[in-house]
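Have a look at the structure below before the remarks.
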Amino acid sequence: MSSTREGEVEMFVAGLVLDPASNAPIVILKASDGDTCLPIWIGLAEATAIASALKKVEVSRPMTHDLLRDIVEQLGGRVVKVAVTALRESTFLASIEVLVGEALRLIDARPSDAIALAVRTNAPIYVAAEVLSHAQVTLVTVNQQSGSHEVEFRPVDGTDEEGQTRNFATIEKEKWAEILSEMDPDDFKYKM
C-alpha cells in the first residue's frame, strides 16, 4: 500500500453493495495499488447520493450533497480532500478539507457524507493508516487455479485456509451477495 500523504492511504470508491443480512448499503473503498479494501456500512440516502454521482445521474433539483458542493464553490472554496480519520467506539470518523482563499478549513463529517461530496468534486479520498490497521480487509479467492470466481473478504490480520490474493477488479456483481452473506458489521468494528 502506498501512502501519498504521511500516515494516510489514498483510496477510491470501488463499489456499493447491499448487506444481504440487514439490507444496509456498504460503500467499498479500495487502495489505489492493491487489494486492500475498507467496507463502511452507510445509510440508504448516502448510498443513493454516492451512486448517483458515480453514475453521473442528472437530477432536476440539487440533492443535499450537490447543494453542499455548490455552497462551497459559490463561497469561493474548493474541496481539497476528504479523509476517514479515526475509528472510535465502533464508529468511523471523517473530515473534509476545504480551501477558501489561503485558509484551509477542516470540517468534521460522517464518512458517507464526505465520500458523497468527494465523488461530486473529484476530491481525493484518504484513509488513515491506523484506521486501515484495524478495519481493512483483503480479497482472497477460494480456488484461483481452477479459474473459479469464488471470492471472499477476509480481515487482513485473520487467517484463511486457502489464502491466495485476487484482483479486485475481476469480481462479478452477482458474487457480491455471496461475499456479503459472510460479512457482519461487527467484524469491522463499525456501527451505523
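Does at least one position in segment 8-18 carry a residue that is farther than 20 Å from ALA123 by Cβ and either touching a residue at least 40 places away in the same chain (Cβ under 8 Å) or open to solvent by 20 Å² or more (accessible area, probe 1.4 Å) (or both)?
Yes, segment 8-18 contains a residue that is farther than 20 Å from ALA123 by Cβ and either touching a residue at least 40 places away in the same chain (Cβ under 8 Å) or open to solvent by 20 Å² or more (accessible area, probe 1.4 Å) (or both).
Which residue, of LEU75, LEU44, LEU68, is of a type outside the set (Gly, Ala, Ser) and touching a Leu at 6+ places or on another chain (Cβ under 9 Å)?
It is LEU68.
I'd like the full set of residues that are within 17 Å of ILE107 (Cα to Cα) and open to solvent by 60 Å² or more (accessible area, probe 1.4 Å), limited to segment 58-71.
THR64, LEU67, LEU68, ILE71 - these are the residues of segment 58-71 that are within 17 Å of ILE107 (Cα to Cα) and open to solvent by 60 Å² or more (accessible area, probe 1.4 Å).
Would a scan of segment 88-99 turn up a residue that is surrounded by fewer than 16 Cβ atoms within 10 Å (Cβ to Cβ) and modelled with pLDDT of 95 or more?
yes
Would you check if MET63 is touching a Gly at 6+ places or on another chain (Cβ under 8 Å), farther than 13 Å from ILE115 by Cα and modelled with pLDDT under 90?
Spelling it out, it is not the case that MET63 is touching a Gly at 6+ places or on another chain (Cβ under 8 Å), farther than 13 Å from ILE115 by Cα and modelled with pLDDT under 90.
Are there any pairs, at least 6 apart or on different chains, whose C-beta atoms fall under 7 Å, with the first in segment 19-40 and part of a loop (DSSP other than H, G, I, E, B) and the second open to solvent by 30 Å² or more (accessible area, probe 1.4 Å) and at pLDDT 90 or above, and if so, which?
Every condition considered, the pairs that remain are SER32/GLU10; SER32/PHE12.
Looking at LYS55, LYS81 in this structure, which one is under 17 Å from the mean Cα position of the chain (by Cα), open to solvent by 20 Å² or more (accessible area, probe 1.4 Å) and basic (Lys, Arg)?
Criteria check complete, one pass: LYS55.
Which residues, taken from segment 85-117, are within 12 Å of the chain's Cα centre (by Cα) and part of a helix (DSSP H, G or I)?
Across segment 85-117, the qualifying residues are PRO111, SER112, ASP113, ALA114, ILE115, ALA116.
The values are calculated or read from the model by the stated rules, or taken from the named source; none is laboratory data. Every value quoted in this text rests on a predicted model; they were computed, and no experiment measured them. Cβ coordinates were reconstructed from backbone atoms using ideal geometry, including for glycine residues, and neighbour counts include every protein chain displayed. Accessible surface is based on the protein model in full, side chains and every heavy atom, while ligands, DNA and RNA are left aside. Shrake-Rupley method; radii C 1.70, N 1.55, O 1.52, S 1.80 Å.
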